[in-house]
1. Does any residue of segment B:238-261 turn out to be over 22 Å from the mean Cα position of the chain (by Cα), buried (at least 17 other Cβ atoms within 10 Å of the Cβ) and assigned to a helix (DSSP H, G or I)?
2. Please find, among B:Ile144, B:Ile116, the residue that is under 24 Å from the mean Cα position of the chain (by Cα), surrounded by fewer than 24 Cβ atoms within 10 Å (Cβ to Cβ) and over 30 Å from B:Arg75 (Cα atoms).
3. What number goes with the only condition from (1) more than 14 Å from chain A (Cβ to nearest Cβ); (2) in a helix (DSSP H, G or I); (3) surrounded by 15 or more Cβ atoms within 10 Å (Cβ to Cβ) that B:Tyr196 does not pass?
4. State which residue is nearest to the other protein chains (Cβ to nearest Cβ) when the search covers only segment B:272-306 and only residues that are modelled with pLDDT under 85 and either outside any helix (DSSP H, G or I) or surrounded by 23 or more Cβ atoms within 10 Å (Cβ to Cβ) (or both).
5. Can you confirm whether segment A:255-265 contains a residue that is assigned to a helix (DSSP H, G or I), free of Cβ contacts under 8 Å to residues at least 40 places away in the same chain and under 30 Å from A:Pro316 (Cα atoms)?
6. Those residues that are at the interface with another protein chain (Cβ under 9 Å from one of its Cβ atoms) and in a helix (DSSP H, G or I), I need them from segment B:262-271; list them, please.
7. One residue is enough: does segment A:68-82 have a residue meeting the conditions at pLDDT 85 or above, within 14 Å of chain B (Cβ to nearest Cβ) and closer than 24 Å to B:Leu153 by Cβ?
8. In segment A:238-278, how many residues are surrounded by fewer than 17 Cβ atoms within 10 Å (Cβ to Cβ) and among the charged types (D, E, K, R)?
Amino acid sequence: MDSGIWAYIARRFLFLIPLLLGLSIVMFTLIHAAPGDPVTAMMGERAASNPEFVEQRQKQLGLDKPVPVQYLYWIGNILQGDFGKAYTFNRTPVLELIGQRFWSTVQLQFIALLIGLMIAVPVGIVSATRQYSKLDNVVTVSSFVGLALPNFWLALLLQIWIGVKLGWLPVISTGQASADFPERVKYFILPVIVLSLPHIAYFARFMRSSMLEVINQDYVTVARAKGLGPNKVLYGHALRNALIPMVTVIGLQLPQILGGAVIIEQIFAWPGLGDLAFKAIGQRDYPVILAVTLLAGAGVMIINVLVDVVYVMIDPRVKLTGAQ
Amino acid sequence: MQLSPAQAEKQRTVERGSIPLEAVAKKRQWATVRRFAENRLAVVGLFVIIVLYALAIFAPVIQRYPYDEITSGMRNKPPSWDHWMGTDRNGRDVYSRIIKGGQISLAAGFASVVIIMTVGISLGAMAGFFGGFVDSGLMRFTDILLSVPLLLLLITAASLFEPGLRTTVIVIGLSSWPGTARIVRGQFMQLKGQEYVTAARAIGATPLRIMAKHLFPNAFAVIIVQATIWLSYAILLEASLSYLGLGVRIPTPSWGNVLQDGQRELIAGAWWLTFFPGLAIFITVLSFNLMGDGLRDALDPRHRRR
């Protein structure tokens, strides 16, 4: 851990600036290339009979200017930390809207990820140490099943079966925020099951193959040959190395989380970022759509950098090149 | 002992000895088929996929009622001998709608993958072969596209343009190619250093010819695995978009919108409207994944996972 790593991190972060500008241009262009405009979308049928009002409103929102000019205004404000006000949502400032919903999504997704990993890692290890056993086959087949289940289908079936038919758990999350701790857990159970299942399937499969690869390495054979007990070999030598590639895989999974959140938050009426994005897209609320995608993109890019940094720190075989 | 790819290649060249190359190629093909056939799960996947495509192709013959025939007095009837998967809110036969929906979903998935592969392979090939600023430019663009969660990008694009089957296919196709482009780029970069490429260059072959005749066939194994995996993703993405009401629009049935249309009847107890379309998506995606996994193992024994 020398100054090299800090130079590396600084360089990677500097590099994100052009990427984020690129992302903002791509998203801005995409949104403005589409036919129709937010004012007409908001007013619906009434727009046709009130052309003057539509024009006035567009002027108010700055939509009458040429697209490149609009972009410069918008990006200029963002660089000063001003993401603007939403067109809808009572014209709440965009950052405030995102702030209200950010933790709701993070809480849910983090719990699902954590539970997913807590189940997947041991399952993957056991499966690898008993390769081709009945248990291993069951794990392999179930992970295929877990990855192929459409999450909205599973969510609906669980809602109707456990929520409505058995009446054990609340179906939607209204009242979740005001509930106290033990009561509040109930609201999390169904969405967490649905969200953690693909994590379990994916990570268990990866953990298994990562572990298998390590077990067949020379240093594990050496450790065994010098008379170490099977558990010491497994947990002292093999496991630590098998966990290293997991960091990358977790990093690769994180970007897709917000995408999955859109559907699950719709089904469970979860007041998170996915729900916000979906509503904003439906109402063509440009500032909100752009802010959510831009922040999601920034989050993903930062996570990617962090994953690489963590990788350098935990895997001594990885050397930094060109950091100086 | 684990051999590095280069070592393994060398060893294989030595083993080959004086056997004519064509015979080796043929033998290798058979070895691939055999390895695939040994994987029971993959074979089951392939079989189910064949059945699914057959059902889609022969949909007009197989559906027992016209998929859009509305029968009064048949609202939300549970599965029975006459209606294997029950009827929906409008008294339409769910089985027939799922067969027809399968045709739409499989076709949409296939068309999306054609776009993904065309864009992904051509851009990836260019980046890998030419390198330099072509490569860095294209790769930065994939970085940008990959930073937005795919489903979020799809929902944004799909909702802004006129929703429908065509929009869905185009949107999925044009948003999902970066992963493939990167993999093809990696393959091409690796392959272009090989001696036969240098030889081809030396005798004056054009870049296009080198890419098409020398690099593409050698990257084919990786490409076919990518295509299989994307077939399952594309079907899942189409279903998700249609489920959110942003994909294929009613009255044209697709598995996603049949499910979405049926879910509001769940509270009334009409589970079959949600269960069967979801089951169809699940079985299809599962089969593609099983087959894709088997293909990967069979085509690239060095990367065999088990």
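1. Yes, some residue in segment B:238-261 is over 22 Å from the mean Cα position of the chain (by Cα), buried (at least 17 other Cβ atoms within 10 Å of the Cβ) and assigned to a helix (DSSP H, G or I).
2. Numbers: B:Ile116 fails: surrounded by fewer than 24 Cβ atoms within 10 Å (Cβ to Cβ).
Checking each option against the conditions leaves just B:Ile144.
3. The single condition B:Tyr196 does not satisfy is (3).
4. Out of the qualifying residues, it is B:Arg305.
5. The first filter runs over segment A:255-265 and keeps only residues assigned to a helix (DSSP H, G or I), leaving A:256-265.
Checking which are free of Cβ contacts under 8 Å to residues at least 40 places away in the same chain leaves us with A:256, A:259, A:262.
Now narrow it down to the ones that are under 30 Å from A:Pro316 (Cα atoms): A:256.
Within segment A:255-265, one or more residues are assigned to a helix (DSSP H, G or I), free of Cβ contacts under 8 Å to residues at least 40 places away in the same chain and under 30 Å from A:Pro316 (Cα atoms).
6. B:Gln263
7. Within segment A:68-82 (the criterion being at pLDDT 85 or above, within 14 Å of chain B (Cβ to nearest Cβ) and closer than 24 Å to B:Leu153 by Cβ), the answer is no, since none of the residues qualifies.
8. Result for segment A:238-278: 1.
The values are calculated or read from the model by the stated rules, or taken from the named source; none is laboratory data. Note that the structure is a prediction, hence the values are computed from the model and not measured. For neighbour counting, all protein chains shown are included, and Cβ atoms are generated from backbone atoms with ideal geometry for every residue, glycine included.
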